[in-house]
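First comes the structure, then the notes that go with it.
The values are calculated or read from the model by the stated rules, or taken from the named source; none is laboratory data. These numbers come from a predicted model, not from an experiment. Here the Cβ positions follow ideal geometry from the backbone for every residue, glycine too, while neighbour counts run over all protein chains shown.
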Amino acid sequence: MSEYSAGRSGFPPAYLDRVGSSFTDFLATAAPDLLPGRRPVPQLPVGDVTPHGTTIVSVTYEGGVLMGGDRRATMGNLISSRDIEKVYPADSYSVIGIAGAAGIAIEMVRLYQVELEHYEKIEGLTLSLDGKANRLAQMIRGNLGAALQGLAVVPLFAGFDLDAAPGTPPGRIFSYDVTGGNYEERGYAAVGSGSLFARNSLKKTWRPNLDGGAATRSLVEALYDAADDDSATGGPDPVRRLYPIVYRVDAEGAVRLTDDEVAEVAHTIIDERAAAEGQG
Amino acid sequence: MTMPYYASPEQLMRDKGEYARKGISRGRSVAVVTYADGVLFIAENPSSTLHKVGELYDRIGFAAVGRYSEFESLRVAGVRLADVRGYSYNRRDVTGRVIANAYAQTLGEIFTQQMKPYEVELCVAEVGDTPETDQLYRLTFDGSVVDEPDFIVMGGQAETVSAHLREHFLPGMGLAEALRVGVQALSAVSPATSAGNGGPALLSAEQLEVAVLDRRRPKRAFRRITGAALRPLLDSDGADAPAGGEEPHTAAHAPSVPQPGTPPGLGEPSAPDSGGTAGSGGEAPTT
């Protein structure tokens, strides 16, 4: 009988042990097969046969932080999805975006969301932003074996720091590498195959303390530039009405911008580029 | 050498039951009352950190009386069961009944097999989409589980409080009204009020722990009502507060909620179930 079908026969002993407030640690004792890092690593590289998510961009602005991602997933030279969602709220004050092997990444996001909520319920408090960032690093570290077989997951994590000292920007961004290295970024960050182009674009358009509208534009433009030069990143798709997913995290919490809001920004950029092209 | 003398099973069970009942009746009471928008938990609890009421899952809450260390470990077990089930199946597959069953089995096992029974009484409450689908389960120290309508009272002098509630409870009360009825019922037996040794007539905000499962909230329905949010409710004299008017957020710990503007299905870990590819709730791709 698997442990997680408890209920028919009461709680298995592990449930009643007071071992801690981490959901992942608890799963490791009660149902280790549910953890992504505990499965046998494939013997051959499988990177070409699994969908991969691509570009995620995050920028800070005066009131917090924004994160956006394109909608494309690729499998080798094929587009495996045009409308994948790669940015998720982690809890009410933080968001997570993922690049890399989509299946594992989405499972990791789910586990991470439960991890944060579980801590909140058991302790009655939310983790600090640095605590959340660290916790994610440990999950990425556990995936190193799979990463070497082409199943790397590289997230981008951003949140509103409720404990920020006065005068310091409340929006903070953390980037990761496949070994679980955790780096706080200043101002903006990008991960995924199109990140090089996105970062170059941000270098020209982003300024400290932008207002929300300008920061959104800067972010959507960076995704546009990434899609321009990287085949694995999808641009705005007016035919199917698919636009990047953008989350805003401010003192009020994490909110997803509506498709209409993002579409408007995307169309402004497209029109301006088209006009510039016409003059050239 | 002393010989263990024979005691009949009936005697053993009776003694254990008596022991547990005595332990529970020493504690202060907790009332769980249904109201128009969900379920209201009211506990007489001077501590603001050692909670008697807690959140188990999106629509499921927990209340307990008795020995803190014992019901706290049961609460943690309930949160774990809910989270493991929600993670391995889907958030919709976590029900109050499953958790209540697990508690019943565990308490029953402890009662029959261990020397000392748990001195606890629990309530698992679940809100549905309509008042008719709300569920209240009462679990006692011996593992029996009862599904009760309207309200549950546990702890010391539960009978007196129940009688008071039975007299004043009306189905479909507003939050302020339900809170008033509940607090009056608890105050009638509390040692901290005039009923006990000549204090004020009603328990004050500092002596109460109040929380609701509000069916109108998206995803996580549980919310604590503390301090600045609780006082006006207690003072409102039972005048039915307008629906939605009693929404001040508690500063201490607001559980995460998808913000307005989040399309349905987003902001919940259930969304990636679809592999994240479906345009959940948003515009469907028109190919």
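Quick grid of which residues meet (1) away from chain B (no Cβ under 14 Å); (2) surrounded by fewer than 22 Cβ atoms within 10 Å (Cβ to Cβ); (3) touching an Asp or Glu at 6+ places or on another chain (Cβ under 9 Å):
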position: A:GLY194; (1), (2), (3): yes, no, yes
position: A:ALA215; (1), (2), (3): yes, no, yes
position: A:ASP225; (1), (2), (3): yes, no, no
position: A:ASP260; (1), (2), (3): no, yes, no
position: A:ALA274; (1), (2), (3): yes, yes, no
position: A:GLN279; (1), (2), (3): yes, yes, no
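Scoring B:HIS51 on the criteria (1) buried (at least 24 other Cβ atoms within 10 Å of the Cβ); (2) within 13 Å of the chain's Cα centre (by Cα); (3) within 10 Å of chain A (Cβ to nearest Cβ) leaves a single failure, condition (1). Count of the range B:87-136 residues, restricted to those that are over 24 Å from A:PRO13 (Cβ atoms) and either in a loop (DSSP other than H, G, I, E, B) or hydroxyl-bearing (Ser, Thr, Tyr) (or both), is 7.
For the range B:55-85, the candidate set comprises residues that are closer than 19 Å to B:GLN135 by Cα and facing chain A (nearest Cβ under 7 Å); within that set, the residue that is surrounded by the most Cβ atoms within 10 Å (Cβ to Cβ) is B:GLU55. Inspect the range A:101-115 for any residue being within 7 Å of chain B (Cβ to nearest Cβ), without any contact (Cβ under 8 Å) to a residue 24 or more places away in the chain, more than 16 Å from A:PHE157 (Cβ to Cβ) and surrounded by fewer than 24 Cβ atoms within 10 Å (Cβ to Cβ) and give the result as yes or no. No.
Okay, residues lined up against (1) surrounded by fewer than 24 Cβ atoms within 10 Å (Cβ to Cβ); (2) farther than 12 Å from A:ILE173 by Cβ; (3) of a type in the set (Lys, Arg):
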| site | (1), (2), (3) |
| --- | --- |
| A:LEU44 | yes, yes, no |
| A:ASP48 | yes, yes, no |
| A:VAL57 | no, no, no |
| A:GLY69 | no, yes, no |
| A:THR74 | yes, yes, no |
| A:ARG82 | yes, yes, yes |
| A:LYS86 | no, yes, yes |
| A:PRO89 | no, yes, no |
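Identify all residues within the range A:260-280 that are closer than 22 Å to A:ALA198 by Cβ and out of contact with any Phe, Trp or Tyr (no Cβ under 6 Å at 6 or more places or on another chain); write none if there are none. Hits for the range A:260-280 are A:GLU261, A:GLU264, A:VAL265, A:HIS267, A:THR268, A:ILE270, A:ASP271, A:GLU272, A:ARG273, A:ALA274, A:ALA276, A:GLU277. Being at pLDDT 90 or above, buried (at least 16 other Cβ atoms within 10 Å of the Cβ) and part of a loop (DSSP other than H, G, I, E, B) holds for only one residue in B:GLY199, B:GLY143, B:GLY182, and it is B:GLY143. Checking each residue in the range A:1-24 for being at the interface with chain B (Cβ under 8 Å from one of its Cβ atoms), over 32 Å from the mean Cα position of the chain (by Cα) and modelled with pLDDT of 85 or more picks out A:PHE11, A:LEU16.
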